[in-house]
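Contents: one structure, followed by commentary.
Laboratory data are not the source of any read-out in this text; all were calculated from the coordinates shown. Owing to the predicted nature of the structure, the values given are computational and were not obtained by experimental measurement. Virtual Cβ from ideal backbone geometry, glycine too; neighbours counted across all protein chains shown.
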Amino acid sequence: MTKKLSITLGTSAALAALVFTFWPERDSPSQEPTVEPVASINAKPDAHASAPSKDTNSTRQWNSDQERDAFFIADMQGRFAPHIHIQHAQIRLIEQVISYLREHYPDDWRSRVAALLGASFPELADELLNKFDSLERYNEWLLADRKQLQQMSPEDRRQALWDKRYAAFGEDAEVIWAAEIRNQNISDALIELDQSSSSNLQEKLGSLVNVIEQNYGEHSEAFIQSRQTELMNKFIQLPSVQSSLRELPATERRAELRSLRQSLGMDEEALDRWEALDNQRDQAWSTGQDYMARREDILSRYDGSRQQEELYALQQSVFGNDAALIRQEEAAGFYRYAGQRRIGRE
Amino acid sequence: MNMRTRLATALLVTCSLLTGPAMARDANRTTYPIVFAHGMGGFDDILGYDYWGDDYGVYVLDTCSWGEYYCNHDINSGQESFVASVTPFASSEQRGYELYQDIQNYLASSGHSHVNIIGHSQGGLDLRKAAKLLNDNRGYRVVKYGISISSPHRGSPIAQYVLNMQPGVTSILETLAEYFGNVIYGGGNDAIAALKQLVNHDYDPNDGVTTGTYAFNQAYPAGTANIERSRSLLTGQDNGNMNPALYLLKELWTEIDGDGYATYDANGDGALGTGDGNASDHDDDGLVGINSQQMGYRLEYWECYGCLDYVWTQTNTGYVADLNAPDATQMTSHAWKINQDHLDIIGVPPDTFDEMEFYAAITDFIADNGF
């Protein structure tokens, strides 16, 4: 048992006992079947049984709706109190309240929202209720105009969404969707970098890091450190970056890749692992492209069963143990070495 | 004192009598990082919103630095994760290969030797191929937990419906663009291959290629060969609560009846199995029937007030290793199904599903089981 529970008062002790009663067992390796396929179990079909969500458990736990409501409120207070002054936290609280009420009071949930929000954070009752109304308006619009939204270009759709967000929430919208704004700024920067005339990859990557620093501030280093691979993937797959890398001779390209990865904070060990991976891939692609050429040759020279025999022999000689996998992929229409290689990604 | 004030006061009084629970909320840190594998459409432009996030763009496994707010406060600050990105519309042969390459990249950057993979929708198929390639390449089983969420392991009727150009579908590309955004028009996509992948049988025996989930499952099974622990989360919901993006599909599609048992595609809808004659009993999530979704053991998701939500393994419906031959229970049981639609569990609004706590709970489950 790795979780720590601390229950503070008497009524909660009984709850703790219940929680422990229903605490899940660890996933035991002995549960894992060792033979495939596993024989069917002989259990009676559990047709249409409801999942034992909090519905069924709550009937075991709560003496009354008020008791359950109170527990929910305490939970919301515990979760959101440290950040409730932030508009995004307020919206998440409201969503939790809606979800809870819809589940437990499906017929009159809406009429209970104000009371539950007020009980959760009395000093913010009116503000939260206003936000609830705004969220309802915004979501109704999303629902009503969904089809038109999806037919718009991404830029037009974004503009339409922001127009409605401002209409519903005013300037608060920028705080509620702050994370989305941040993500979008980085996406926009990538598009801009791709279109810039500079062919200096270090400069381009430096510009991306600048945008991250502007958006993440004091947290930018932690962000880059934790999202190194995703950032490198996004950067390196830009058509202009791929084009620059393709123009470089192999040794210079490897050095450039190493330097770019280093700029995103990768240490020497990581750089060495990458270099080994690049080498392995260079070799695989060289073999693969040679295979594709010889494959084309066979297709042009032979037909029918002879063609299949020749292809089979070629696959065996080139790929050895992986030949069956290559055949499986080709049977499904996928040729891993047919397209242009995405340097640094495969 | 009006009714609203009285209600609020009563709740406050009860609250103060009960006192607040103070159970721990933070998910434990997993030993091995979590890799996210997205479904069809990807996350660059899936309806214009982020994929693995809440409805406001906060990434579900974004760890919190000191004083940071826009992050997941329910996870350990040292939790490691990686968001893979593959071609939005392609077969799982291609996407699984790309996922494998992406994971190789991540392993090179991070120095890890193992990963846990969470795949949503088609990502649940992709992860099986990636797991095999990783095992083949490295000579050991790299994937610890492989968890699929809402995955059409045995096909989706919607894929066949669109391919068949049924009423409402005048163009396959335009239909997909309507639901997934303009990303469909991006280079490298193959919408037809993507859809054929998600039909159970070989959709066109005369097109020179063997497609569909049946053939894919034979080549890339679940089970312990490449994935130490295969698990799945199932979703199903009624139309009334369906995400509007999926609700629009109902204008084209009557409704999936996805909880009947058969050893083949008995009702010819493109998914293994059949219906039970009642299409309105929450037996699908808008895109996938529940009889298509189980891989390995099912996971149960349990929402908790006062503590972090739970996820744990349920063995009652047995283990599906041969994805083409689930038994009657595995195809018809609604047990442990999450009452959400296909898009609620990713960041596509509007919904009230708590994505942050859901993924924190999965993280906690993996961590508590040693991986």
Worksheet item: Where the only charges are on Cβ atoms (+1 Lys, Arg; -1 Asp, Glu), what is the dipole of the range A:206-331 about its Cα centre, to the nearest 20 debye?
Response: 280
Item to complete: Could you check the simple spin-label distance between A:Asn185 and B:Asp238, using points 7 Å along Cα→Cβ, in nm with one decimal?
Response: 4.5
Practice prompt. Considering the options B:Gly258, B:Asn105, B:Ser333, tell which one lies farthest towards the positive end of the dipole of chain B, charges being +1 on Lys and Arg and -1 on Asp and Glu at the Cβ, about the Cα centre.
Written response: B:Asn105
Response to the item:
Per the charge dipole of chain B (beta-carbon charges, Lys/Arg positive, Asp/Glu negative, Cα centre), the residue among B:Ser85, B:Ala159, B:Ala360 reaching farthest to the positive end is B:Ala360
Worksheet item: Tilt of helix B:3-18 relative to the longest C-alpha principal axis of chain B, in degrees (0 to 90, nearest 10)?
Response: 80
Fill in: Base-10 log of normalised Debye intensity for the range A:63-155 (one unit scatterer per alpha-carbon) at q = 0.15, 0.21, 0.23, 0.25 Å⁻¹
-0.62, -1.02, -1.16, -1.31
Worksheet item: So if we plug the beta-carbon distance of A:Leu299 and B:Ala262 into 1/(1 + (r/R0)^6) with R0 = 41 Å, what FRET efficiency do we get, rounded to 0.05?
Response: 0.55
Worksheet item: In chain B, with Lys and Arg counted as +1 and Asp and Glu as -1 at Cβ, which of these residues, B:Gly123, B:Tyr297, B:His201, has the Cα nearest the positive end of the dipole, that is, farthest along it?
Response: B:Tyr297
Worksheet item: How many nm separate the modelled label positions at A:Glu203 and A:Ala81, each set 7 Å beyond the Cα in the direction of the Cβ?
Response: 5.5
Worksheet, complete the sentence: The size of the Cβ-based charge dipole (Lys, Arg +1; Asp, Glu -1) of the range B:27-368 about the Cα centre, to the nearest 20 debye, is 1340
Practice prompt. Using label points projected 7 Å from each Cα along Cα→Cβ, tell me how many nm separate A:Met292 and A:Ser99, to one decimal.
Written response: 4.6
Worksheet, complete the sentence: For the range B:264-329, the dipole about the Cα centre with charges only on Cβ (Lys and Arg +1, Asp and Glu -1), to the nearest 20 debye, works out at 220
Worksheet item: Taking neighbour Cβ counts within 10 Å as the exposure measure, how do B:Asp284, B:Asp327 sort from fewest upward?
Response: B:Asp327, B:Asp284
Worksheet entry | For B:Val288, net neighbour charge (Lys/Arg +1, Asp/Glu -1) across residues whose Cβ lies under 12 Å away | -4
Worksheet entry | Under the Karplus curve 6.51 cos²θ - 1.76 cosθ + 1.60, θ = phi - 60°, whole-Hz ³J(HN,Hα) for the range A:258-264, x wherever Gly or Pro sits | 4, 5, 4, 5, 4, 5, 8
Worksheet item: Hey, got the Cα dimensions of the range B:266-371 along the principal axes, in Å, largest first?
Response: 44, 34, 19
Response to the item:
Ranked by GNM mean-square fluctuation in chain B (Cα springs under 10 Å), the top entry among B:Leu173, B:Leu272, B:Leu233 is B:Leu173
Practice prompt. Please work out the Kirkwood hydrodynamic radius for chain B, using every pair of different C-alpha atoms, and report it in angstroms with one decimal place.
Written response: 21.0
Response to the item:
All alpha-carbon distances of the range A:268-346, grouped into 10 Å bins from 0, give the whole-percent distribution 17, 45, 25, 10, 3, 0
Item to complete: Compute the FRET efficiency between A:Gln283 and B:Arg138 as 1/(1 + (r/R0)^6), taking r as their Cβ-Cβ distance and R0 = 25 Å, and round to the nearest 0.05.
Response: 0.95
Worksheet item: For A:Glu140 and B:Met165, what is the calculated FRET efficiency with R₀ set at 45 Å and r taken between the beta-carbons, to the nearest 0.05?
Response: 0.85
